[in-house]
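J.: Sharing a structure with you now.
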Amino acid sequence: MENKQMGPLQLGGLLAGAVLGSGVILLPPMAEAKLGEWSVTAWLIIMALGAIFASLFARLAIAYPGSEGVPIAVRKAFGKKAGQLASNYIICAVCFGPVAVMMTAANSIAHTFNLPAAQLSSSAAIMVLICASILLRRITFVSTISLIASIAIGLVIIGGSFTTINFNPINPIPVNTPDIPALGSTLLLLFWAIIGWEIIGNYSMEVRNPKRTIPLATFLGVSTVSVVYLLTGWAMHSIRESEHGALNVAQIVKPLLGSYANLTVMLVTCALCICTYLMIIGGVSRLIAKLAAKGKLPAILAKTNANNAPSAAILIMCGIHMVNLLLLQTGVLSLEELVSFANVFFLTNSLIAVGAALKIFKSLAVRISCIILCIGFSALLAFSSIWPLLTLAAVSVVTLVHRQIQPITFAEK
């Protein structure tokens, strides 16, 4: 069965592509516009926090392996109800967040080919169907697709960044005093560049030799993500003086690719968004299937196919995303509302997980890292709007008063 499990390269590629996501296209121009000479320093700070965040969740995945992921550690630290809260938070987040990811890719396609805005939801729906068909294959196939995409993306962005930096050599070390409020608000924005590592644990049962594979894959993923973001941020800073108007990633790959830059950035954006969708839905669908097998969710959701993929959970999640795309198309929901709801649930799930690590691990260095992350996540949560917070409160209350009502009807595999 080992050939059906992931090794370090496959898991590392799955993680890197998903964590980069659309953020590597959207965030560097924003950081440069807000901070100027301090943008590269901000990226150094965020990537250092990202390395801490990733290593923390890798440790949790090794200490408490299982397809449920983070909720296992939360249950160990705070009890069964807290574990169920963590599960419900991440499931709720994934009902909304991946739709925004697919819409980012659809918007890139529309911009490249001058398509009308009315076709955005249709383009996103096609990509959701493509992702669903990939997710129903073996996990090794899914991770190999992500690995290939991550390598191609890394070559394009790193190659373009090096070329741009070579043509526009500018020292990235700041010489002036930073605008502290601007630096703080931008760091909060850039914190999203490190979200995604918390899904590592959901794949802990599908890797060869987890104690070796997970740390090595995490190192490879963190190294790739850090190099790509830092070089992109530096390249963006190096072209600030020579470019007029809004900055974008196409400008840093243009010296390398010329007239093909815009098309390449569109392909990179789509590949990154697909990688993110594959990792997040693949991980959470495994959580849903495990909860269903335990009687926490309808038993039908525990079904897997011949490839051992949690087919029922995958199809349900993709169906929910199709409904959200329809609501976006008809104007019932806005993209900003979807993102807002997803952010609140993602943040709260991460906050609980970091709190669990703070209680479980006795190392002073780990505890200091957890405290830093808790402060960062709490600050981000404070900027949330009222309706997502009320929804979060409602989900919390329902989870805490709910009792298990379904027996296990499907054997765990």
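J.: Between M6 and residues 5 or more places away or on another chain, which pairs have amide H atoms under 5 Å apart, with H built 1.01 Å from N, and which residues are they?
T.: V207, R208
J.: Ok, one more. Please state, rounded to one decimal and in Å, the Kirkwood hydrodynamic radius that segment 284-411 gives when every pair of distinct Cα atoms enters the mean of 1/r.
T.: It works out to 17.3 Å.
J.: Shifting gears a bit: What does the helix-only formula give at 222 nm for the chain: each DSSP H stretch with n ≥ 4 adding -39500 (n - 2.57), the total divided by the residues, and the result rounded to the nearest 500 deg cm²/dmol?
T.: Details: 15 runs with 301 residues, N = 413.
Result for the chain: -25000 deg cm²/dmol, rounded to the nearest 500.
J.: Using Stokes-Einstein with the Kirkwood hydrodynamic radius over Cα pairs, what translational diffusion coefficient do you get for segment 50-197 at 10 °C and a viscosity of 1.306 mPa s, in µm²/s rounded to a whole number?
T.: So the translational diffusion coefficient is about 81 µm²/s.
J.: Going down the list K34/K362; K34/K290; K34/K359; K211/K254; K303/K362; K80/K303, which pairs span over 32 Å between their C-alpha atoms?
T.: Values: K34/K362 39 Å; K34/K290 44 Å; K34/K359 37 Å; K211/K254 42 Å; K303/K362 39 Å; K80/K303 24 Å.
Flagged as over cut-off: K34/K362; K34/K290; K34/K359; K211/K254; K303/K362.
J.: Averaged per residue, what accessible surface does segment 1-136 expose to a 1.4 Å probe, in Å²?
T.: Per residue, segment 1-136 has 35 Å² of solvent-accessible surface.
J.: For the chain, what's the relative contact order in percent, using C-alpha pairs closer than 8 Å and at least 6 residues apart?
T.: 33 percent.
J.: May I ask you to give the average projected area over all directions of the convex hull of the Cα atoms of segment 7-102, in nm² rounded to one decimal?
T.: 7.9 nm²
J.: I want to verify the translational diffusion coefficient of the chain in µm²/s; compute it with Stokes-Einstein, Rh as the Kirkwood radius over Cα pairs, at 10 °C and 1.306 mPa s. If you can, show how the numbers build up before the last one.
T.: Numbers: Rh = 21.7 Å.
Rounded, D is 73 µm²/s.
J.: What does segment 185-331 give for Rg and for Dmax, in Å, if only its C-alpha atoms count?
T.: 19.9, 60
J.: In Å, what is the Rg of the alpha-carbon atoms in segment 111-208, and how long is Dmax?
T.: Just the Cα atoms of segment 111-208 yield Rg and Dmax of 19.8, 53 Å.
J.: For the chain, which whole percent of the accessible surface, found with a 1.4 angstrom probe, sits on carbon and sulfur atoms?
T.: Carbon and sulfur atoms account for 68 percent of the accessible area of the chain.
J.: As an exercise, take the mean of 1/r over every pair of distinct alpha carbons in segment 68-154, invert it, and state the Kirkwood radius in angstroms.
T.: After inverting the mean inverse Cα-Cα distance, the result is 15.6 Å.
The values are calculated or read from the model by the stated rules, or taken from the named source; none is laboratory data. Remember, it's a predicted structure, so these values are computed and weren't measured experimentally. Just so you know, the surface numbers come from the protein's heavy atoms only, side chains and all, with ligands and any DNA or RNA stripped out. Shrake-Rupley method; radii C 1.70, N 1.55, O 1.52, S 1.80 Å.
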